[in-house]
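Here the structure comes first, spelled out in structure tokens, and everything after it is commentary.
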Amino acid sequence: MSGTLLTENATGLNFGLSENQIMIADMIRKFGKEHILPKMMEWDESQHFPVEVFKKMGELGLMGVLVPTEYGGSGFSYTEYVTAISELGKICGSIALSMAAHNSLCTGHIMAFGNEEQKKKYLPKLATAEWIGAWGLTETGTGSDAGGMNTVAVKDGDHWVLNGSKNFITHAISGNVAVVIVRTGEKGDSHGMTAFVIEKGTKGFSSGKKENKLGMRASETAELIFTDCRVHESQILGKVGDGFVQAMKVLDGGRISIASLALGIAKGAFEAAVKYSKERQQFGKPISNFQGIAFKLADMATEIEAAELLTFQAADLKNRGQKVTKESAFAKYYASEVCVRVANDAVQVFGGYGYTKDFPAEKYYRDSKLCTIGEGTSEIQKLVIARELLK
Ligand SMILES: Cc1cc2nc3c(=O)[nH]c(=O)nc-3n(C[C@H](O)[C@H](O)[C@H](O)COP(=O)(O)OP(=O)(O)OC[C@H]3O[C@@H](n4cnc5c(N)ncnc54)[C@H](O)[C@@H]3O)c2cc1C
């Protein structure tokens, strides 16, 4: 089977963690203890997006993990990136989701398709979190069917005039810059869309309704609005008409980050469940002694391991510059479904306490669901996989 762990695509398996991965995981654990855990539930409750935390993460190199050092980034590979997001996801899904969106989507798009001038202008600011990035593809009427978008840009001399709105955009309010993909040609033409990079403060560019969400509540999700917004043609990323194709490539990488996020949430929920199952006594013994609970833990652990292998496989192929459309969809689809199952089982292990906010299981449970939706639903991942298989 092409593209799996056993193919000519892979150079071999390496299950060890590199020094960089160990260092990053350690750093994130310490950072989480000090800067995230004490306030996490407060942010979750009030839907507060803690910009200051991302600024600190910028100082640690976590907001430009994949950005080459010449542009002020950390210059790491996808392998370290998976470790960083999954480790953060264990602590707080919201912070990890925002980190993933900033790194993979906005920054990733500019890194992959910006010209030298655009890279020099934006990447150092994004990599250090001096600026927070947003990425707008989705619209109210077009989510899975993103190519059917209605936001348009019409050429006017050396400018383009944008009208319309983007929905469900991470960092739509707090973002300093956004990459947006809008229609510049005919509907139904995959070359009828173009990507623009637009700075906050540009006349006619504003943000709208903030969503009140089930989970990922400290990750800001809102609307981007364009009203006769004039943007110079120098703000186009790549060529006119390439926007949708670029977006699909950006999502190939982005899905590895959502798989990593799912992996992290699943591991966090699992570790909490294991710990609790050893402490909680019923019928005179720890509940982990009951086979009904122990088997649940065994299933959770097995699925997490499998999700981790798929995620690192996609990362490895990406590192080697190979096409990862199918492998990132494998990872995203499987890891996110596992994440929801594991988080659900974790609540069950906690019993009634899992249903309260005094214990961590309920937040993992609420946060987990986003993973099967964002950056392409599970159904869309299956479409992507099937399309690749049946080529
Ligand atoms: C917290 C959050 C953050 C987000 N951040 C961003 C962001 O930063 N930038 C951005 O551009 N977008 C973002 N999104 C949008 C996200 O990518 C979309 O929500 C997602 O792609 C699904 O689109 P939709 O919500 O319109 O669902 P729909 O497309 O309306 O889907 C509804 C249901 O129909 C199913 N369905 C649709 N088409 C098919 C089909 N052909 N076959 C089978 N089933 C199908 C779907 O799988 C789903 O179950 C975010 C969403 C959330 C919730």
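The values are calculated or read from the model by the stated rules, or taken from the named source; none is laboratory data. Not measured: the values here are computed from a predicted model. Neighbour counts are summed over all protein chains in view; Cβ atoms, including those assigned to glycine, are modelled from backbone coordinates with ideal geometry. Remember, those area values only see protein heavy atoms, side chains included, never the ligands or the DNA or RNA. Shrake-Rupley method; radii C 1.70, N 1.55, O 1.52, S 1.80 Å.
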Subject >> Using alpha-carbon coordinates, inclination of helix 78-91 to the longest axis of the chain, degrees >> reply: 60
Original post:
Tilt of helix 19-31 relative to the longest C-alpha principal axis of the chain, in degrees (0 to 90, nearest 10)?
Top reply: 80
Original post:
For the chain, what is the relative contact order in percent, using Cα pairs closer than 8 Å and at least 6 residues apart in sequence?
Top reply: 17
Original post:
For the stretch 132-182, what proportion of DSSP beta bridges, expressed in % and rounded to the nearest 5, is antiparallel?
Top reply: 55
Original post:
When only the heavy atoms of the protein chains count and the probe is 1.4 Å, how do ASP26, ASP345 rank by accessible area, highest first?
Top reply: ASP26, ASP345
Subject >> Largest-first ordering by accessible area, 1.4 Å probe, given options TYR334, TYR81, TYR276, TYR353 >> reply: TYR353, TYR334, TYR276, TYR81
Original post:
Given C-alpha coordinates of the stretch 212-314, what is the ratio Rg to Rh with the Kirkwood estimate of Rh?
Top reply: 1.23
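With a cut-off of 8 Å between alpha carbons and a minimum separation of six or more residues, what is the relative contact order of the stretch 114-265 in percent?
On the way: 298 pairs, mean separation 37.8, N = 152.
RCO, the stretch 114-265: 25 percent.
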Original post:
Quick one: net charge of PHE350's neighbours, Cβ under 13 Å, K/R +1, D/E -1?
Top reply: +1
**OP:** Looking at the chain, send over the antiparallel percent of its DSSP beta bridges, to the nearest 5.
**Re:** 85
**OP:** Give the residue from ILE287, THR377, ALA301 lying farthest towards the positive end of the charge dipole for the chain; charges sit on Cβ (+1 for Lys and Arg, -1 for Asp and Glu) and the dipole is referred to the Cα centre.
**Re:** ILE287
Subject >> GNM flexibility winner over the chain from GLY141, GLY175, GLY93 (Cα, springs under 10 Å) >> reply: GLY141
Original post:
Using only the Cα atoms of the stretch 231-272, what do you get for the radius of gyration and for Dmax, in Å?
Top reply: 16.9, 51
**OP:** Have a look at GLY72, ALA134, HIS109 and report the one farthest towards the positive end of the charge dipole of the stretch 4-147, computed about the Cα centre with Cβ charges (Lys/Arg +1, Asp/Glu -1).
**Re:** GLY72
Original post:
Tell me, what does the Kirkwood hydrodynamic radius of the stretch 151-203 come to in angstroms if you use every pair of distinct C-alpha atoms?
Top reply: 12.1
Subject >> Scaled radius of gyration (Cα, divided by 2.2 N^0.38 Å) that the stretch 52-146 gives >> reply: 1.08
Subject >> Dipole magnitude of the chain, debye to nearest 20 (Cβ charges: Lys/Arg +1, Asp/Glu -1, about Cα centre) >> reply: 420
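Could you give the Stokes-Einstein D for the stretch 132-179 in µm² per second, using the C-alpha Kirkwood radius, 25 °C, 0.890 mPa s?
Translational diffusion coefficient: 209 µm²/s.
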Subject >> Highest-MSF residue in the chain out of SER207, SER328, SER18 [GNM, Cα springs under 10 Å] >> reply: SER18
Original post:
To the nearest 10 degrees, how steep is helix 116-127 against the longest Cα principal axis of the chain, on a 0 to 90 scale?
Top reply: 30
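Starting from the alpha-carbon convex hull of the chain, give the projected area averaged over all orientations, in nm².
If you wrap the Cα atoms of the chain in a convex hull and average its projections, you get 19.3 nm².
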Subject >> Exposure ranking of TRP160, TRP131 by accessible area [1.4 Å probe, largest first] >> reply: TRP131, TRP160
